[in-house]
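To start, the structure itself, in structure tokens.
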Amino acid sequence: MNELTVHAPAKINLALKILRRRADGYHDIKSILQKVSLYDTLSLKRSPLPGITVTADDPSIPTDSHNLAYRAADLLLKQQKITPGISIHIKKRIPAGAGLGGGSSNAAATLTGLNKLLRCNLTETELLSIGVEIGADVPFFIYDKPSALAEGIGEQLSPVTIQVPLWLVIVFPGFSISTKWAYENYRVLTNEGKNIRIPRSFEQLNSVLHILSNDLENVVTKQYPEIQEIKHTLIQAGACGSLMSGSGSSVFGIFPDEQQAQEALTLLGTPANRVFIAHSL
């Protein structure tokens, strides 16, 4: 096998609690992450020439070592002492800098895809340890579950059961937000993070709606009031709940069913590259 096509899903944060700032500059968090049916597609190919080549159909995406898929391939090839090169083509659908984990998902898909393509036979645990070197969100996309409670900097994962399907309309406002900026501007209160309990099982839509919260939302909406406007628009369009995902800029609305999500999509009338319908995986 010389070629493999892999799909890299987006994620949303149904809850994001920031517990404390660590000495290394990262933050300890508790977050409920959910993979959704919005995908980038990666084509991985063996190359007779050494090195890594990354191309993308979106000119704004870096194709050098700043690209997380590139870094994932580089780490794996070096660790496995593999000399033939790899070419990676990324067909982007997940907006960049949108709080949907597109770059991290691309990195995870590269690791799991190359593990198959190159017959490395690495276990999930071994892949997870490589993933965390690339970024805090990468392990979740390697993790073989559609949803998880993420702790530590996001790399400590435990299963969460969401038994109700979630139908979503995701709106990208057309600008990116730096994760680093959002976290640096968040002020952790002294007693914040103590005794935060997040359920591990959700049987009804109301129980999911009950936990919707994002500690970064207030920080981001002060600088980008459009976020709050999108939330309001989604609620007016029939969403049961709405939240900014991760550090933004995307906002999602949860709808009772597919039909109402489709109706909201039509109502919003936003350009197709900025609004997406998706469901939980």
> All but one of (1) assigned to a loop (DSSP other than H, G, I, E, B); (2) open to solvent by 40 Å² or more (accessible area, probe 1.4 Å); (3) over 15 Å from LYS35 (Cβ atoms) hold for PRO165; which doesn't?
Replying inline: (3)
> If you take just the strands (runs of 3 or more DSSP E) that sit entirely in segment 3-118, which of them hold at least 2 residues that are at pLDDT below 95 and out of contact with any Ser or Thr (no Cβ under 8 Å at 6 or more places or on another chain)?
Replying inline: 3-21, 27-47
>> Pairs please, first residue from segment 119-139 and touching a residue at least 12 places away in the same chain (Cβ under 8 Å) and closer than 13 Å to ALA72 by Cβ, second anywhere and part of a helix (DSSP H, G or I) and of a type in the set (Lys, Arg), Cβ atoms under 6 Å, 6+ apart in sequence or on different chains.
In response: ILE134/ARG71
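Listed here are the residues, each with its yes/no results for (1) open to solvent by 60 Å² or more (accessible area, probe 1.4 Å); (2) closer than 15 Å to TYR183 by Cβ; (3) in contact with a strand residue (DSSP E or B) (Cβ under 6 Å, 6 or more places away or on another chain).
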position: ASN218; (1), (2), (3): yes, yes, no
position: PRO225; (1), (2), (3): yes, no, no
position: LEU234; (1), (2), (3): no, no, yes
position: ALA237; (1), (2), (3): no, no, no
position: GLY241; (1), (2), (3): no, no, yes
position: GLY253; (1), (2), (3): no, no, yes
> Hey, among the residues in segment 194-241 that are part of a loop (DSSP other than H, G, I, E, B) and charged (D, E, K, R), which one's nearest to the chain's Cα centre (by Cα)?
Replying inline: ASP215
> Cβ-Cβ below 9 Å, separation at least six or inter-chain, first residue in segment 216-241 and under 19 Å from GLU258 (Cβ atoms) and in contact (Cβ under 8 Å) with a residue 40 or more places away in the chain, second among the hydrophobic types (A, V, I, L, M, F, W, C) and part of a helix (DSSP H, G or I): which pairs?
Replying inline: LEU234/ALA264; LEU234/LEU268; ALA237/ALA264; ALA237/LEU265; ALA237/LEU267; ALA237/LEU268; ALA239/ALA261; ALA239/ALA264
> In segment 250-269, which residues are at pLDDT 95 or above, part of a loop (DSSP other than H, G, I, E, B) and out of contact with any Cys (no Cβ under 9 Å at 6 or more places or on another chain)?
Replying inline: SER250, ASP257
> How many residues are out of contact with any Pro (no Cβ under 9 Å at 6 or more places or on another chain) and open to solvent by less than 20 Å² (accessible area, probe 1.4 Å) if we restrict to segment 146-157?
Replying inline: 1
>> Cβ-Cβ under 7 Å, sequence separation 6+ or interchain: first residue in segment 8-27 and over 13 Å from LEU216 (Cβ atoms), partner part of a strand (DSSP E or B) and among the hydroxyl-bearing types (Ser, Thr, Tyr). Which pairs?
In response: ALA8/TYR39; PRO9/SER37; PRO9/TYR39
> Which one is most open to solvent (accessible area, probe 1.4 Å), of the residues in segment 61-97 that are of a type in the set (Gly, Ala, Ser) and farther than 17 Å from PHE140 by Cα?
Replying inline: SER65
> Consider PHE202 against the criteria (1) open to solvent by 10 Å² or more (accessible area, probe 1.4 Å); (2) in contact with a strand residue (DSSP E or B) (Cβ under 8 Å, 6 or more places away or on another chain); (3) among the aromatic types (Phe, Trp, Tyr): it satisfies all of them except one. Which criterion is unmet?
Replying inline: (1)
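The values are calculated or read from the model by the stated rules, or taken from the named source; none is laboratory data. Worth saying up front: this structure is predicted, and the values here are computed from it rather than measured. Here the Cβ is made from the backbone with ideal geometry for all residues, glycine too, and neighbour counts use every protein chain on show. The protein model used for the area step is the full one, side chains on, heavy atoms only, and it has no ligands, DNA or RNA in it. Shrake-Rupley method; radii C 1.70, N 1.55, O 1.52, S 1.80 Å.
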